[in-house]
Amino acid sequence: MAPVQRLLRASASGGAAAAAAAAAAARRRMSTAVAPEQTPAAAAFPFAAAAGRARQRVAEERNVQWVFLGCPGVGKGTYASRLSRLLGVPHIATGDLVRDELASSGPLSVQLAEIVNQGKLVSDEIIINLLSKRLKKGEEQGESGFILDGFPRTVKQAEILDGVTDIDMVVNLKLREDVLVEKCLGRRICGQCGKNFNLACIDVKGENGLPPIYMAPLLPPNNCMSKLITRADDTEEVVRNRLQIYNDMVFNVVLGRYKSCTMLICSVGSQPVEGFYRQQGKLLEFDLPGGIPESWPKLLHVLNLEDQEEMKLATA
């Protein structure tokens, strides 16, 4: 069986090298055919068959396959969706899969509504079920490549994913937790057009060795202002509970009440998952310096994708 051509083979500390290799991959197609591979993960999980068949495609059809990880509300969906448009690959967000299922009144909708409204994490079984359906749909539509958002969360999930497809790079976003909470509480959705906005104006001074952060509000137009609604899970109690559950899973320790942890740096993804991808030379850690205007150009820079953005703007 021909070996899978990995797009990234950087050193464990080579975040910049990983980004450069991944960016180069974004500008070219792979040239090696890939043979099917049978693994225990492929046999045990429902999405494995669809993902495994994707490995059999002629490799020149293969686009980038990236993962964005982050604390709830850190902005991984924002940057993953922007990159998906820039690179022409689908953005698959587990949060969107859950919300779509909630809106569908399907068999999982009642169970999911209770989980989400209580700020709990959705189980592996449910996420894998939803991801299975999405991958199958994408395969049927001839999609190539993807950017996963919010999956995997655990080493077990990463091993399942690694057994059925190739992940080229994992972008590990970071944001101060006090800023993260304020950002989540400012989120609003227009009940008419469905667009997302944020009313929070975050201006945090640098202290205790942490840099200052400024995030301007993302205000809606006048015709949306009176139609803004707050998501049911964007109350302070739910936000803090969701982060506490997430961080307990991430660090495998009891962090205590967030009143005493307001300056904690909220690492994206669990440390074991970070280590899993760091050992493969695929982990790129990125500290968000501010809002979109401040963070987007710097993210493109570390990904070595400025030329891609310029070409797209030139042809728009």
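The values are calculated or read from the model by the stated rules, or taken from the named source; none is laboratory data. Keep in mind it's a predicted model, so treat the numbers as computed, not measured. Using ideal geometry, Cβ is built from the backbone for each residue, glycine included, and neighbour counts are taken over all protein chains shown. The protein model used for the area step is the full one, side chains on, heavy atoms only, and it has no ligands, DNA or RNA in it. Shrake-Rupley method; radii C 1.70, N 1.55, O 1.52, S 1.80 Å.
General remarks:
- Greater than 25 Å apart at Cα, pairs in Lys120/Lys282; Lys205/Lys227; Lys174/Lys282; Lys137/Lys282; Lys76/Lys282; Lys156/Lys183: Lys120/Lys282; Lys205/Lys227; Lys137/Lys282; Lys156/Lys183
- Ligands, DNA and RNA aside, Lys137 has an accessible area near 110 Å² when probed at 1.4 Å.
- Whole-percent carbon and sulfur share, accessible surface of region 139-227, 1.4 Å: 51 percent
- If you take all other residues with their beta carbon under 9 Å from the beta carbon of Phe197, and give Lys and Arg +1 and Asp and Glu -1, the sum is +3.
- Split the accessible area of region 83-123 by element, probe 1.4 Å, and carbon with sulfur accounts for 52%.
- Nearest-10 value in Å² for the accessible area of Trp296, using the 1.4 Å probe: 20 Å²
- A Förster distance of 51 Å, applied to the separation of the beta-carbon atoms of Glu306 and Val110, puts the FRET efficiency at 0.65.
- For the pair Leu210 and Glu139, the difference between a 0.36 nm per residue extended length and the Cα-Cα distance amounts to 21.1 nm.
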